[in-house]
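No value in this document is a laboratory result; all are computed from the given coordinates. Just so it is clear, the model here is predicted, and its values are computed rather than measured. For neighbour counting, all protein chains shown are included, and Cβ atoms are generated from backbone atoms with ideal geometry for every residue, glycine included.
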Amino acid sequence: MSDDESTPPDEELLSGKRFRVVRRYRRLRCGTVLSREIVVHPGAVTILPLIDRDRVCLIRNYRSAVGRTLLELPAGTLEAGEDPAVCAARELAEETGYRAGRLERACEFFMSPGILDERMYVFVASELTAGESALEVGEEIERVVVAWDEAMRLVRSGDIQDAKSLVGLMWYDRFRS
C-alpha cells in the first residue's frame, strides 16, 4: 500500500502462518519518505460468553509470546475473507464447548496500531448450550466459569492482563443494562 506512484510499495520482511511483517513507506507532506515496519494481521475475534446474567466463561490459555498462562476471554484469528460472526461462533465452540443461541457484535478496536494493523471484533454470546470443546493441536485451554462480580475483581486486581479481555469485559460492564 503506497500513497502514490512515487512512494515505494510494501516490502515483505517475514511471512508466517498467521501474520506478515512488512516495511511500509509513506510520503509526508514535506516530501520526505518515511518507513515503518508493521505486522499485517487478518484480524481476530474475542467472545464474551454469558452463562447467565451473573456468570461469564473465561479461559486459562498458555501464551507462548509471554511464556505463561493467562486468564482471558476465548478468541481466534479470522480466516481469509471470513465473517467475524462466523469466526466467533467457531472459536467459542472450539475453545469452550459452548454454542451460542445468540451472538451480538459489541465493539471493535485496533490491538496495537503503532506496530500492528490487527482489528479485533468483540462479540457477546448468550443463550449458551454446553458441549465438548475441540482444541487445536498445541492449545492448552481450560474453561473457567466465574461470577460477573468476580470477573470485575480479576480486572481490578490485574489478574486479567490480556488487552482484548480487558476491553470486552469493561465494555460490557459499562454498557450492560
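List of remarks:
- Cβ-based exposure ranking for Ser165, Ser112, in which fewest neighbours within 10 Å come first: Ser112, Ser165
- Sum of side-chain charges, Ala75 neighbourhood, beta-carbon under 9 Å (Lys, Arg +1; Asp, Glu -1): -3
- Cα-based shape type of the stretch 101-142, given that a ≥ b ≥ c are square roots of the gyration tensor eigenvalues and the cut on a/c is 1.5: oblate
- Cut-off 20 Å (backbone N to label point 7 Å along Cα→Cβ of Arg20), residues of the stretch 64-98: 77-83
- Entry note, the chain: the mean residue ellipticity at 222 nm calculated from DSSP H runs of n ≥ 4, each adding -39500 (n - 2.57), is -6500 deg cm²/dmol after division by the residues and rounding to the nearest 500.
- Label selected from (i) -0.70, -0.95, -1.04, -1.14; (ii) -0.61, -0.97, -1.11, -1.26; (iii) -0.56, -0.86, -0.97, -1.08, the criterion being log10 I(q)/I(0) by the Debye sum over Cα atoms at q = 0.13, 0.16, 0.17, 0.18 Å⁻¹ as computed here: (i)
- Fraction of antiparallel bridges per DSSP, the chain only, in percent to nearest 5: 85 percent
- Spin-label model, Val155 to Val86: label points 7 Å out along the Cα-to-beta-carbon direction sit 3.1 nm apart.
- Counting other Cβ atoms within 10 Å as a rough exposure proxy, the listed residues Val122, Val22, Val137, Val66 run Val137, Val66, Val22, Val122 from fewest neighbours to most.
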